[in-house]
1. Determine the gain in length on full extension of the stretch Leu146-Glu70; use 0.36 nm per residue of separation and subtract their C-alpha separation, reporting nm with one decimal.
2. How many nm is it between the label spots at Phe155 and Glu59, if each spot is 7 Å from the Cα in line with the beta carbon?
3. Can you tell me the length gained on complete extension of the stretch Gln128 to Asn94, counting 0.36 nm per residue apart and subtracting the Cα distance?
4. Just read off the accessible area of Asp55 with the full protein assembly in place, 1.4 Å probe, to the nearest 10 Å².
5. Would you list Thr154, Thr40 from the most to the least accessible area, probe 1.4 Å?
6. With charges only on Cβ, +1 for K and R and -1 for D and E, what is the dipole size of segment 26-131 about its Cα centre, in debye, rounded to 20?
Amino acid sequence: MSNDRGSTDPFGLETVVLAVGGRDENRVKRLVDVALQITTPERSKVVVVHVFDKDSYTETVQSISNTGDEYIEPDELASQMAVVQQITDRLAENSIDCDVRATTGRKGQGIVDISAEVDADRVIIGGQQRSPTGKAIFGSMVQKVLLNAPCPVTFVRDQG
């Protein structure tokens, strides 16, 4: 038995973390479509998560602030990002309750930490396919989440 969105759970998951980065604007539709497949308006909440490193936090504050030197809470800052707004708007159009959570620091660890804090049932994360050499040289934020998340993780890969 499945709901009209194709979820394997007829009642949908309770808490889904949808991790999003600044380069996910080309993945918004696919990320939200995956979230809609496993959630229901009556039961589910999607927590849209963004982790800022020091440089991206500063750049984002400068892009939305007149002075660029004020402190803005990470949650509030992430809520103002276009990619986050696109995701929350699409979720709201489908009557899915959502929150925005953000932190600063290492991306993979931040996603894992927030997933544990909200007691996530699933994490959805996007990324690009990389060769084993690319992972060894540059590390893999996605790999960190896959190996350390407190729940199952769904990876949405770039098409191409």
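The values are calculated or read from the model by the stated rules, or taken from the named source; none is laboratory data. What you see is a predicted model, and the numbers here were worked out from it, not measured in a lab. Virtual Cβ from ideal backbone geometry, glycine too; neighbours counted across all protein chains shown. All accessible areas refer to the heavy atoms of the entire protein, side chains included, with ligands and DNA or RNA removed. Shrake-Rupley method; radii C 1.70, N 1.55, O 1.52, S 1.80 Å.
1. Numbers: separation 76, 0.36 × 76 = 27.36 nm, distance 3.45 nm.
Contour length minus Cα-Cα distance gives 23.9 nm.
2. 2.4
3. Numbers: separation 34, 0.36 × 34 = 12.24 nm, distance 2.69 nm.
Here the answer is 9.5 nm.
4. My reading of the accessible area for Asp55 is about 100 Å².
5. Highest to lowest solvent-accessible surface, that is Thr154, Thr40.
6. Values: 12 positive and 18 negative charges, 133 e Å.
Taking the Cα centre of segment 26-131 as origin, the dipole is about 640 debye.
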